[in-house]
Amino acid sequence: MLVIILASWAPIAERLLRPFETRYPALVDAPSGISLAAVVVLGGGWQPDAPISSVSRLSESSAIRLMEGIRLWRQAPELPLIVSGASRNAAVAPVAQGYAQAAQSLGVPEAQLHVLDWPTDTGQEAQAVSQLLGKGASIILVTSASHMPRAMRHFHAAGLSPTAAPTHYLTQFSSPSSVRYWVPSASHLHKTERAVYEALGNLMVDIEH
């Protein structure tokens with residue numbers, strides 16, 4: 001019980017997650033001076049059968065990733081926007097298809113979209129992008145801030161040259177001033193869960209490589 005309470009307390013949860021989320025700075029503008037091959041948005045989750053709009057079907061993390069990817073793509077609209085991600089459940093349509101539907105509804109031309117709907121994890125996503133663009137390709141890589149360190153390792157290992165564009169931050173940037181910050185909560189427990197998940201994920205990358 002004490003472990004759960006501490007894991008649900010913001011000072012602990014934020015300290016655990018912040019090193020992952022701050023490993024790479026936010027990318028405000030698309031990099032200049034390099035020849036970019038694409039903007040790549042990594043997969044997340046969605047509800048394909050929900051009777052709501054294409055954007056609303058995306059999970060919170062997926063929607064924010066796609067919005068950030070489109071924001072950066074609009075700075076260089078001649079680039080392809082690559083959306084990635086399958087589902088581990090064969091009965092669920094790949095999230096990459098959901099990304100494509102939402103992106104088109106937000107004004108991205110179908111001709112500029114590349115849909116990689118078979119990779120089921122980050123390592124496979126990196127290999128799929130490498131096969132599509134070729135080794136050494138420079139890309140803007142968009143994913144959640146906590147996931148970015150692991151994603152960058154996979155994309156470097158696949159022979160690509162990624163520029164990190166982290167988004168979907170869970171930790172706070174300002175000094176805590178509300179009572180809610182100091183009260184254990186499920187939202188803070190989620191931050192601890194993400195930190196543990198990414199720590200284990202990075203350990204698996206060490207074992208694989």
message: For region 104-209, place one equal point scatterer on every Cα, skip the solvent, and apply the Debye formula. What is log10 of I(q)/I(0) at q = 0.14, 0.18, 0.20, 0.24 Å⁻¹?
response: -0.71, -0.98, -1.10, -1.34
- request: Write down the Kirkwood hydrodynamic radius of the chain, to one decimal in angstroms, obtained as one divided by the mean of 1/r over all alpha carbon pairs.
  value: 17.8 Å
message: Using the basic label-point model (7 angstrom from Cα toward the beta carbon), what is the Ser138 to Leu106 distance in nanometres?
response: 2.5 nm
task: Could you work out how far helix 148-157 tilts from the main Cα principal axis of the chain, as a 0 to 90 degree angle to the nearest 10?
output: 40 degrees
message: With both bridge residues required to lie in the chain, what share of the DSSP beta bridges run antiparallel, to the nearest 5%?
response: 5 percent
query: What order do you get for Asp29, Asp117 when you list them from fewest to most C-beta neighbours inside 10 Å?
result: Asp29, Asp117
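How much length, in nm to one decimal, is gained on full extension between Arg180 and Asn202, taken as 0.36 nm per residue of separation minus their Cα-Cα distance?
Values: separation 22, 0.36 × 22 = 7.92 nm, distance 3.10 nm.
That pair, Arg180 and Asn202, stretches by 4.8 nm at full extension.
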query: When the helices in the chain are scored as -39500 (n - 2.57) per DSSP H run of 4 or longer and the sum is shared across all residues, what 222 nm value do you end up with, to the nearest 500 deg cm²/dmol?
result: -13500 deg cm²/dmol
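Return Val39, Val3, Val205 ranked ascending by Cβ neighbour count within 10 Å, so the fewest neighbours appear first.
Values: Val39 28, Val3 8, Val205 16.
So the residues, fewest neighbours to most, are Val3, Val205, Val39.
Read-outs throughout are calculated quantities, based only on the coordinates presented, and are distinct from any laboratory measurement. Nothing here was measured: the structure is a model prediction, and the numbers come from that model. Neighbour counts are summed over all protein chains in view; Cβ atoms, including those assigned to glycine, are modelled from backbone coordinates with ideal geometry.
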